[in-house]
Amino acid sequence: MKFQTLFLSYFLFVFSAKSSDGASADTIQFSLAEIVAIAKEKSISARQALTLKETRYWEWMTHKSNYHPQLALTGVLPAYNKSFTQVTQPNGTIDFLPVHNNNSALNLSLSQTISATGGTVFGTSQMQRFDDFDRHVTQYNAVPYGLGYVQPLFGFNKLKWDKRINPLKYKESQQEYYEAIEQISIYSAQYF
């Protein structure tokens, strides 16, 4: 009922008067094919169906991207710190000394998931710089390369099941779109 009300109100508000040779200016005349074409193109239900179809398409593309290699660059640039730290003196008193430093880091990683096992193979490279502004010291720490494999034990293999389920969900969403468009055609023909 909601669809029917929206459909009828759409035609009342959107279309201007279309007059033919013998019709008055307040009469609108459409053929069945025109009504169906307009409803498929401009009705609220058609736009909702198209939006849902596009959403499902991008969900499908996101699913497919989970099986491609992932390149990530992460870091902290700069991580400046200015504070006062308590230092116990040899005579037992406490003195507060200023600390000014910067601790920056970059990490570049490449990873690939393995759907059969649910694990991930990765390679990483890290670079860190530490600046002590009070003592005028700069230090570097680097890991040129690191290789690894992460395998969850006793866990659910989400990648394997997603690989089976998501293609079916995508095909189902396409069929739902076609069904919605055909339903719009049926409703517009009934109201014609």
Would you confirm whether or not the stretch 80-97 contains a residue that is acidic (Asp, Glu), without any contact (Cβ under 8 Å) to a residue 12 or more places away in the chain and touching a strand residue (DSSP E or B) at 6+ places or on another chain (Cβ under 7 Å)? yes
Could you check how many residues of the stretch 141-156 are on the phi < 0 side of the Ramachandran plot and out of contact with any strand residue (DSSP E or B) (no Cβ under 9 Å at 6 or more places or on another chain)? 3
Condition set exposed (fewer than 15 other Cβ atoms within 10 Å of the Cβ) and either of a type in the set (S, T, N, Q) or at pLDDT 95 or above (or both), scope the stretch 109-121, selection nearest to residue 140 (Cα to Cα): answer is 110
Residue 133 - would you say it is open to solvent by 100 Å² or more (accessible area, probe 1.4 Å), at pLDDT below 90 and not aliphatic (A, V, I, L, M)? no
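For every residue, the table says whether it meets (1) surrounded by fewer than 11 Cβ atoms within 10 Å (Cβ to Cβ); (2) out of contact with any Pro (no Cβ under 9 Å at 6 or more places or on another chain); (3) farther than 30 Å from residue 34 by Cα.
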position: 140; (1), (2), (3): yes, yes, yes
position: 170; (1), (2), (3): no, yes, yes
position: 175; (1), (2), (3): yes, yes, no
position: 178; (1), (2), (3): no, yes, no
position: 187; (1), (2), (3): no, yes, no
position: 191; (1), (2), (3): no, yes, no
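The values are calculated or read from the model by the stated rules, or taken from the named source; none is laboratory data. Fair warning: this is a prediction, and the values are worked out from it, not measured in the lab. Methodologically, a virtual Cβ is constructed for each residue, glycine included, from the backbone with ideal geometry; neighbour enumeration extends over all protein chains shown. Quick note on the areas: whole protein, heavy atoms, side chains included, nothing else; ligands and nucleic acids left out. Shrake-Rupley method; radii C 1.70, N 1.55, O 1.52, S 1.80 Å.
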